[in-house]
Structure formats: structure tokens, C-alpha cells
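Student: The structure that follows is given in the form of C-alpha cells.
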Amino acid sequence: MMGDMASEETRTVKSTSARISATPPGEAPLAPATRAWAVRLVVVGIVLSALNLRPAITSLGALLEEVRDGLGMSGSMAGLLTSVPPLCFAVFGVTAPRLARRFGAGAVVCAGMVAITAGLLIRPYTGSTAGFLAASALTLMGIAVSNVLMPVIVKRWFPDRVGSMTGLYSMALALGTASAAAVTVPVTEALGGSWQSGLAVWAGLAAAAVLPWIPLVRDRGPASTEPKADRSVHTRVDGAGPVRHVHARVEPPVLRITRSRTAWALAVFFGLQATAAYITMGWMAQIFRDAGVPASTAGLLLAVTMVMGVPLAFVIPRVATRLPHQGPIVIALGVCGLVGYAGLYLAPAAGAWAWAVLLGVSNCAFPLALTMVGMRARTGAGVAQLSAFAQSTGYLISIPGPLLVGVLYQHSGGWGLPIALMIGLMVPQMAVGVLAGRDRTVEEEAAR
């Protein structure tokens, strides 16, 4: 026990030292008591923010049929609606590092939570498909910048606990995702059967997530920008005078992220796992309903898929950080996805619970991808660039998937072709995931 206490104390000292060393030049580090308070607030903020990064999507998936009927959407338009999340994540996510450098990561995440709250509150009552899409885009803009900055905040505030903090964040994200899938239909029924109320209720959770970030809006400590290096230049005045010390701040070299094969592999892996996740969140409940499963049970099945990420999202990052190569985890998750998709094709209703569990395990490629973002870069600036590149590029890659599923479903009249598409995409996901899992950093590859 004494050894454990000593080990914990050592980790705390190292973590505090790393955070203080990350304070930008010219700014005094916070006092230990203030720092401890700020760290606790950051942990609360991370958890509450993560809880709000998916309910906007899975609550809509649970009520997609009602929303389609209420707004008069076609199957293709519903497919477009399920493609909006990755589109917004790609477009707005790439702006997150620049916004964080200018305003601070805490301020950007706080603004993101405000945008999520406003969008969730507005979109059910717009009365038109165009208005619904616009309000959804506002919500997804807030989610996008928070998606990118979460790994950055974890790397900066908890440099010695990337695996465990990423696990905590991923677990909270999975819990929020599953909760929205499970309770949206019952809550809608309890509120009188109005799908508008069933979607708007999630704005309350988003509003709570704004609060912990408010005290951190002005903070420019470890969660803001990467420190600039100081270079001391010694010169002598008039040949015999005193030495004059000139301190010049040197910007860190720009990382040419596109030169890194690992960055590209991670971006493609992120995109393919996002494709699978958004197809699952947007369409899986409908697959079960078309197979004769009641709407409430279909919502629970989607919740089971999402809730599998709660324990696994905490375990997988911790295991991944202890392995030199994350390829075996990628393969294991991919095999679960292949079996789950095959089950959806062969016996969607008879084995529904088993397929929901297997696809839930497969969807844990997301916390694995986030963990690899933190592992494949050495510095906070590298993590920020890699996170923005991998997520923005990845979400661009994922845009056609949900839309194509909607088109195939509408024109074929069944789920055979859409499920075949899902199976076909899982194979390259496994291949690029193995490449992204190799033990190397993007800084090394870009320097070559």
C-alpha cells in the first residue's frame, strides 16, 4: 500500500511538473492550490462535454421515422440528414486548433457547448426540413470543435495519464450515446408522444456542460497554445562593455502533417470507423424495426450497441497505451463488426441482441482511434495538428456512407445492399488501422 501511495505521489508530481512546464513563456504558472482546483474542474468539464457529443445524433436515430413523417422527408433526404454530422465535423473541426490558439481551448469548448444547447433547443421547432438541417448544423458545429480539442486538452493537462483520461472521456461519450438511444423513445412517450419534445429535452444536459468551462474561459495555461522556445543570444557592446542578453522567442517548426504516412493511415481509419458508427447510429434502429422489432425494443437494441462502449472505452485506451503496436486490437474489433453485420443480414430479429453486442464492440474503434492520436505525436502541438487532420479528413471520408445507405435502402427496398456495403468497408478499415497502430510518431515521419 505504501508503494502504491508513493507511486501515485510520483505520478502527481510528474503530472504537475509537466503541466507547469507547458505554461507559455511570460505567464506565471498557477499556484498549486489553484492548479489542483483547475484540474478538478477540467475533469468535470471533460466528462460533461463528452456526455453531450452524441445525444444529438442517437436521439434522432431513435426517432428518425417520426421525424421523417413529421417533416415529410424521403429516404434519400433522411440519408442526407444522417450524413450531416460527419460533414459538419469535417468542415468545422479543422478550425478548432486555430480557434484554440487565439481564444484558448477552454473558451472554444465552452462556446461549443453553448452552440450544442442552442441547436438542440431550436431544431425540433423549426417546422421545415431546411430549418431542421440548419439547427442541426449549429449543434454539430459545437460538437465538431469539442471533438478535436478533447485529445488536446487531455494531452496538455494530463500528459502522464493520456490512456486513462482518454478512457474516461470515451466512457462518458459512450454513456451519453447509449443513454440518448435508450431513453429518447420512453421520454417522448412520457411527454405526450411529441417527437419535438423528445429531441429538445437533451438541451438541458448540454446546458449543464457549459458551466464548468466558464471559469476556464480566460485561462491561457496548459490547455491553450504550445509554448514557444526561448533562444538566448549573447552580444558584447563596444567590444569591452558588459554582455547584453537578447532573448528571442522562436516559433516551433510547422509540422507538415501530410508528409506522414501514419497520419494518413490514422485519418482513413478514423473515417471508416466513423462511417460505420454513423450508419449504426442513424440506421440500425430502422433495420430492426423493418425486421418486425417494436420501436421501443429497437431503441433498446441501439442503446445496447452504444452502451458496450462504456466499459470498453475505458479499458481499450489503457490496454492500447501499453502495447507497442495496436494492430491486434484493430483486428479483434473488425472481426466483431464483420460477424455482427453478417448476423443483421441473415437473422436480424432472431439474433438481434447478439448483433447489437457485437456491433457495440466493433464501434469501440473510436476510442482506439482517439488514443492513437495521442500516441502518434510527441508534443501538444503535434497532437492538435494530428487530431484536426485525422478527424477532419476522416469525417470527410465518412460523409458518403450514411447517405449511400439511404439511397440503396430506398431503391432496393431492403437492407441487403446496405449491409453488404458495411461489410465491404470493414476490410479496409482493419488494414489501415494496422498501419496506424505502428510504433512511430508523425513528427519523425514528417521530418524525413
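Student: Please give the length that would be gained between T126 and A354 if that part of the chain were fully extended, namely 0.36 nm times their separation in residues minus their C-alpha to C-alpha distance (nm, one decimal).
Tutor: Full extension of this stretch gives 78.3 nm more.
Student: Under a point spin-label approximation (7 Å from Cα along Cα-to-Cβ), what is the L133-R40 distance to one decimal in nm?
Tutor: The answer from the label model is 4.7 nm.
Student: If I stretch the segment between E444 and T95 completely, what's the gain in nm (0.36 nm per residue apart, minus their alpha carbon distance), one decimal?
Tutor: Gain on stretching E444 to T95: 123.2 nm.
Student: Then there's this: M77 label point, 7 Å along Cα→Cβ, cut-off 19 Å on backbone N: hits in segment 128-159?
Tutor: Hits in segment 128-159 for M77 at 19 Å: 128-138.
Student: Could you tell me the calculated FRET efficiency between D69 and R318, based on Cβ-Cβ distance and R0 = 25 angstrom, to the nearest 0.05?
Tutor: 0.05
Student: Give me the number: length gained by fully extending L191 to R102, i.e. 0.36 nm times residue separation minus the C-alpha to C-alpha distance, one decimal in nm.
Tutor: 27.8 nm
Student: Under a 1.4 Å probe, what is the accessible area of segment 76-202 per residue, stated in Å²?
Tutor: Accessible area per residue, segment 76-202: 32 Å².
The values are calculated or read from the model by the stated rules, or taken from the named source; none is laboratory data. Computed from a predicted model, the values in this text were never measured in an experiment. In this analysis, Cβ positions are derived from the backbone assuming ideal geometry, glycine residues included, and neighbour counts consider all displayed protein chains. With ligands, DNA and RNA removed, areas are computed over all heavy atoms of the protein, side chains included. Shrake-Rupley method; radii C 1.70, N 1.55, O 1.52, S 1.80 Å.
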